[in-house]
Each structure stands twice: as C-alpha cells, then as structure tokens.
Amino acid sequence: MSSLLSLYKAKEKNGTEMSAKKTFLVPLSELYIEPGYNVREIDQAHIEEFRDAYIAGEFVPPLAVQVTDKGIKVIDGHHRYHGALLATESGTEIPRLECKDFSGTEADRIAFMVTSSQGKPLTSLERAAAYQRLANQGWEPTEIAKRVKRSPSDVDHHLQLLTCGDELIEMVKTGAVAATTAVALSREHGPKAGAVALEQMAKVKAAGKTKLSRSAAMPQFSATRARRLVELLSGVETFPHGDASALALSPQNEFEVLAILEEYRAQHAGKDSQ
C-alpha cells in the first residue's frame, strides 16, 4: 500500500504537486504554557476529553508552538497539552506530542487562536478579549474583521461588550444574559445598564426563570397604546398659551392621553435623565 510519504518522494516521476510541512515530536517536558496567553478559558471537561483520546490512542491534531528562550511555548493546543499531562498522571506514557511551528507576529498568533478550528469554540467574552488584544496591537476594527474572517459589525459588537460594566459582564459569563442583550442594554442605558439588568433579572427570577431575555430586559412600549395616543391627538386643535402653544383636549380625551403618557414614563423611568 502506498503512502503520502512515498508519493511525495516520487513526485518528480508521478508529477504530483504535493508539498511537505513538517511536524515534530516534542518531549512533553519541554513544552510550556504562558499563564493568561490563551484566549480561551481552560475547560476541565474539554481537557478530560483529550485525556481520554490520548489514553485510547486516538488521533489528536498537532499543537502549534513557538520556540522561545524559555522553551517551547504552546500557541494553539492548550487543552491538548493539559489533556496529555492528565493522561500521563493517570499512568499512560506520553513522552512526546506532535507539534508544528507557528511563524508570524504576536498579532498573527492571537488571530490564529481566534480562527483555529482545532480549539474549543470561543465564548462571546473570549472573542471580545481576543479582539481587544488585537486592538491593543494597533489593529483597526476593519483589519481585525478581515484577519479573523468576521464582519466589522461583529468586531464592534464584541469590543462594545467589554465596556458594558462588571455587572453585565458577569451576567454574560454565567449565561444569565446573552451578549447581544448586554450590548443593547449598554447602548440604551449607558452606565445605568448594569443596575437596570439586575432589576429586571430580579423580576424574571421571581417568575421562576433563570435567564433575562431581551424582551424582558428591554420591554417595548405597547404599539397599540402608541397608536391610540396618535388617534387621540390627530384631530386636536392648538391655541396660543404664553410663548408656547397648548392642545385643546376634551376632559375625557385628556384623561386618556395623560394615562398613556404616565404608562410610558413608568416604563422608561430614569432613561431620559441620563
């Protein structure tokens, strides 16, 4: 049976346009992790999945690494590395891991961690932190979007997420609020967004729910009531009142108009004072 290696060695004869990109078997003891470097938070369950794969002898993709003065630094494959350590601790001998060189700038390495298909999918906060690290490298949002194969609006949205305040960020982290809802609240209420979210969260918890939906976080004024207000005011006449004008409402219509306005004020209390 032929192999890629034999096909590659005979490429001058068979005409294949194959090229070789080497990987290396690196002693586990020579690899190291830089604390805080990985854009993904370490997930113990994901580590254990790789531990089991190593123990079972299954294929695990090579790690992307960079040679530094401290040793061989893991760029992509943090969970695989920790999984190998865990497998070793359980008695499975894993003297070496397959690795490949990563070349490029620091910004390139961060972007690679974002786009790597081998790693665990990024959470919204992890992606936001990665985008911020790229922004700190001097990359513009449009450049980040092009490099990570996302839209500029996606980059803007995630960068905005990091400015939502500690309360909202913690709620996103625990899954109580979606990242899109957090950003919408921040844009709507500014620095008061966290307090608004906590208040609305208390209401949904009282109703037996665990997540704050966008509709619950940002209740919209009734379209029916808004249309009714327009109907009540559509035929109203105005008359001079000092330096301004006033509306001539019948007592019945005045009562209903004021009631609708009071409903609106109650729903949007504090918003207009920002």
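The values are calculated or read from the model by the stated rules, or taken from the named source; none is laboratory data. All of these numbers come straight from a predicted model, not from anything done at the bench. Note that we place each Cβ from the backbone using ideal geometry, even for glycine, and neighbour counts take in every protein chain shown. We work out accessible area using only protein heavy atoms, side chains counted, and drop any ligands, DNA or RNA first. Shrake-Rupley method; radii C 1.70, N 1.55, O 1.52, S 1.80 Å.
Annotations for the structure displayed:
- With N counted as the residues of the chain, its alpha-carbon radius of gyration over 2.2 N^0.38 Å works out to 1.57.
- For the range 78-187, the direction-averaged projected area of the alpha-carbon convex hull comes to 8.9 nm².
- Hydrodynamic radius by Kirkwood, which averages 1/r over all alpha carbon pairs of the range 54-135, in angstrom: 14.0
- Distance cut-off 13 Å, percentage of C-alpha pairs in the range 213-266 lying past it: 67
- Cα lying deepest toward the dipole's positive end in the chain, options T224, T123, G242, charges on Cβ: T123
- Positive-end extreme of charge dipole, the chain - chosen from N253, A53, I42 (charges on Cβ): A53
- Dipole magnitude of the chain, debye to nearest 20 (Cβ charges: Lys/Arg +1, Asp/Glu -1, about Cα centre): 740
- Rg/Rh (Cα only; Kirkwood hydrodynamic radius) as it applies to the range 1-98: 1.08
- The residues neighbouring E231, those whose beta-carbon lies less than 13 Å from its own, together hold a net charge of +2 under the Lys/Arg +1, Asp/Glu -1 convention.
- In loop segments of the range 1-80 as defined by DSSP, the GluC sites (Glu not before Pro) with at most 11 further C-beta atoms inside 10 Å of their C-beta are E17, E58.
- Global size of the range 117-179: 11.9, 33 Å for Rg and Dmax (C-alpha atoms, Rg to one decimal, Dmax whole).
- Accessible solvent surface per residue of the chain, calculated while the other protein chains remain in place, 1.4 angstrom probe, Å²: 62
- A crude spin-label estimate for the pair E48 and T68, with each label 7 Å from Cα along the Cβ direction, gives 3.0 nm.
- Over 22 Å [Cα-Cα, the range 113-255], rounded percent: 58
- Using C-alpha pairs under 8 Å with a sequence gap of at least 6, the mean separation divided by the residue count of the chain gives a relative contact order of 12 percent.
- Here the range 1-112 is treated with +1 on each Lys and Arg Cβ and -1 on each Asp and Glu Cβ, and its dipole about the Cα centre works out to around 580 debye.
- Compactness of the range 46-88, expressed as Rg and Dmax over alpha-carbon positions, Å: 10.9, 34
- Charges were assigned to the Cβ only: +1 to each Lys and Arg, -1 to each Asp and Glu. The resulting dipole of the range 79-234 about its Cα centre is roughly 720 debye.
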